[in-house]
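Asks: First the structure, which I've put down as structure tokens, then a few questions once you've had a look.
Every read-out reported here was derived from the displayed coordinates using simple, explicitly stated rules and does not represent laboratory data. Here the structure is a predicted model, which is why all the values come from computation and not from measurement. So basically every Cβ, Gly included, is an ideal-geometry build from the backbone, and we count neighbours across all protein chains shown.
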Amino acid sequence: MKIVNNSIYIHIPFCNSICSYCDFCKIIYDKKYAKKYINTLNNEINIKYNNEIVKTIYIGGGTPSSLDYDELELLLSILSNIKKDKNYEYTVEVNPENMDINKIKLFKKYGINRVSIGVQTFDDKILKILNRNHTKEQVLNLINSLNNLGIHNINIDMMFALPNQSIKSIENDLDIISKLNIKHISYYSLILEKHTKIYLSNFKEISEDLEYEMYNIICDRLKNLGYYHYEISNFSKFNYESKHNLTYWKNNNYYGFGLGACSHIDNNIYENTRSITKYLDGKYVYNKIKLSKEDIYINEIMLNLRLVNGINKLEFDKKYKKDIYLVYNLKEEIKKGRIIDDGTNIFINPKYIYVSNDIISNIMLEGVVSE
């Protein structure tokens, strides 16, 4: 069978508690729903998955590790029917407080080779404000256990610009990271989403200057620790970039299965319902969006320019049969020095990575030159 560049995202919406900043599609874990949800997920996969060989599978949430051992085994046994490329990447998101040795062994049994840990910070006081139910020690113990049991491709999700977080707090987190055997780090700034607990508590955001200082400290320190800054918020050791997330950033096809998941298939976006009742009734998709040529081009620039290497001009020409300069008005940003064309790639000047959203927005406002 022909290998296609497809990825699969699996959404597990259950959480044991709700973090104060979270606006993802989630519900409190309830055992009476968990098994039914997994079986419904299986039905959706059977209907939509076309037997392709996929390169990445990503189980996200919610909190996949909130499932108990038997529920996780049921889920992983279902996903074992998906055909995988020989160099596949298979990721599962976990929280430290609901992980144990038996779950790690289960991951190994079913071929999971990458684990993403929700850490956010190693400061236990700030973790309580975020309504996180783990401690620094639990994170360190989990990382040791994963390494000891042969899962070495570990990501940690970190955050900055958090309540009560200072430059010193950031430096302390980075000091701890420097002592860990971690292959990948995602480092996001706090975004206040409406209807979250932290938003409703009238938390006052830190100044833009302080946030920018924190970002620069993070980038400089991680670079000195041997991490490659390959995307605005993502850093990896050599050859450990997230293959799954690169599918998104490269604007390629992917399946999304589960509550609130999205699929991108042949210029169509399929958005699943966020209603657990409708989902369990088999009413999976609530919206289909047919992308226009302009939509496709806008997505391409918006996603690709998140990558430090930006857009490969030859790949763009091969993908769309068009010179990139016949599609986008890039001259103004190049003239300002905020975008660089090195002959092979078009990318955001590293000095302006932090304001990349502004640069991308300006290009999008210009619209495409031609369809």
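Asks: Under 20 °C and 1.002 mPa s, how fast does the range 169-308 diffuse according to Stokes-Einstein, given a Kirkwood radius computed over C-alpha pairs? Answer in µm²/s, whole number.
Replies: D = 118 µm²/s.
Asks: Per-residue HN-Hα couplings for the range 308-313, Karplus 6.51 cos²θ - 1.76 cosθ + 1.60 at θ = phi - 60°, whole Hz, x for Gly and Pro?
Replies: 4, 7, x, 9, 7, 5
Asks: Order of 293-301, 321-329, 117-125 by packing, highest average Cβ count within 10 Å first?
Replies: So the order, starting with the most tightly packed, is 117-125, 293-301, 321-329.
Asks: Over what distance in Å are the Cα centres of the range 240-303 and the range 55-104 separated?
Replies: Using only Cα atoms to place each centre, the spacing works out to 20 Å.
Asks: Can you give the charge dipole size of the range 249-316 about its Cα centre, rounded to the nearest 20 debye, using +1 on the beta carbon of Lys and Arg and -1 on the beta carbon of Asp and Glu?
Replies: 120 debye
Asks: Would you kindly state how much longer the chain becomes between Asp220 and Asn357 on full extension, computed as 0.36 nm times their sequence separation minus their alpha carbon distance, in nm to one decimal?
Replies: Gain on extension, Asp220 to Asn357, equals 47.3 nm.
Asks: Pairs of Cα atoms under 8 Å, at least six residues apart: use those to get the relative contact order of the chain, whole percent.
Replies: The normalised contact order for the chain reaches 15 percent.
Asks: Also: Please work out how much length the chain gains when fully extended from Lys128 to Ile167, using 0.36 nm per residue of separation minus the C-alpha to C-alpha distance, in nm with one decimal.
Replies: 12.2 nm is the gain from fully extending Lys128 to Ile167.
Asks: Can you give me the relative contact order of the range 312-371 as a percent, contacts being Cα pairs under 8 Å and 6 or more apart?
Replies: 37 percent
Asks: Using a 10 Å cut-off on Cβ atoms, rank the peptides 8-14, 29-35 from the highest mean neighbour count down.
Replies: So the order, starting with the most tightly packed, is 8-14, 29-35.
Asks: Which far-off residues, 5 or more places away or on another chain, put their amide H under 5 Å from the one on Gln165, with H placed in the peptide plane?
Replies: Distant-sequence amide H within range of Gln165: zero hits.
Asks: Right, next: Taking θ = phi - 60°, what integer Hz values does the Karplus form 6.51 cos²θ - 1.76 cosθ + 1.60 yield along the range 54-67, in sequence order, with x for Gly and Pro?
Replies: For the range 54-67, the Karplus curve yields 10, 9, 9, 10, 9, 9, x, x, x, 9, x, 6, 6, 5 Hz.
Asks: Determine the calculated [θ] at 222 nm for the chain from helices alone, applying -39500 (n - 2.57) to every DSSP H run no shorter than 4 residues and normalising by the residue count; nearest 500 deg cm²/dmol.
Replies: Taking each H run of at least 4 residues, the total per residue is -11000 deg cm²/dmol.
Asks: Give, rounded to the nearest 20 debye, the magnitude of the charge dipole that the chain has about its Cα centre when Lys and Arg contribute +1 at Cβ and Asp and Glu contribute -1 at Cβ.
Replies: 1000 debye
Asks: Enumerate the calculated ³J(HN,Hα) couplings along the range 135-149 in order (Karplus 6.51 cos²θ - 1.76 cosθ + 1.60, θ = phi - 60°), each rounded to whole Hz, writing x wherever the residue is Gly or Pro.
Replies: 10, 4, 4, 5, 5, 4, 5, 5, 4, 4, 5, 4, 5, 5, 9
Asks: Can you list, largest first and rounded to whole Å, the semi-axes you get for the chain by taking the square root of 5 times each eigenvalue of its Cα gyration tensor?
Replies: 31, 28, 20
Asks: Which one of Leu41, Leu76, His134 has its Cα pushed farthest toward the positive end of the charge dipole of the range 41-159, where Lys and Arg give +1 and Asp and Glu give -1 at the Cβ?
Replies: Positive-end residue among those listed: Leu76.
Asks: Using the structure shown, list the pairs from Lys108/Lys128; Lys250/Lys293; Lys48/Lys278; Lys183/Lys336; Lys237/Lys321; Lys83/Lys243 with a Cα-Cα distance above 26 Å, or answer none.
Replies: Lys108/Lys128; Lys183/Lys336; Lys237/Lys321
Asks: Name the shape class, rounded, prolate or oblate, that the alpha-carbon gyration tensor gives for the range 312-371, where a ≥ b ≥ c are the square roots of its eigenvalues, rounded holds for a/c under 1.5, and otherwise prolate holds if a/b is larger than b/c and oblate otherwise.
Replies: Oblate, since a/c reaches 1.5 and b/c is not below a/b.
Asks: Return the FRET efficiency for the residue pair Asn349, Leu210: r is the Cβ-Cβ distance, R0 is 25 Å, and the value is rounded to the nearest 0.05.
Replies: Given R0 = 25 Å and the Cβ-Cβ separation, E is 0.65.
Asks: Using a 10 Å cut-off on Cβ atoms, rank the peptides 212-220, 85-93 from the highest mean neighbour count down.
Replies: With the highest mean Cβ count within 10 Å placed first, the list reads 85-93, 212-220.
Asks: Name the residues whose placed amide hydrogens come within less than 5 Å of the amide hydrogen of Arg114, ignoring near sequence neighbours (fewer than 5 apart) on the same chain.
Replies: Here Tyr90, Val92 satisfy the definition.
Asks: Then there is this: Would you grab the residues whose amide H sits under 5 Å from the one on Phe160? Only those 5+ places off in sequence or on another chain, please, with H modelled 1.01 Å from N.
Replies: Tyr188, Ser189, Leu190
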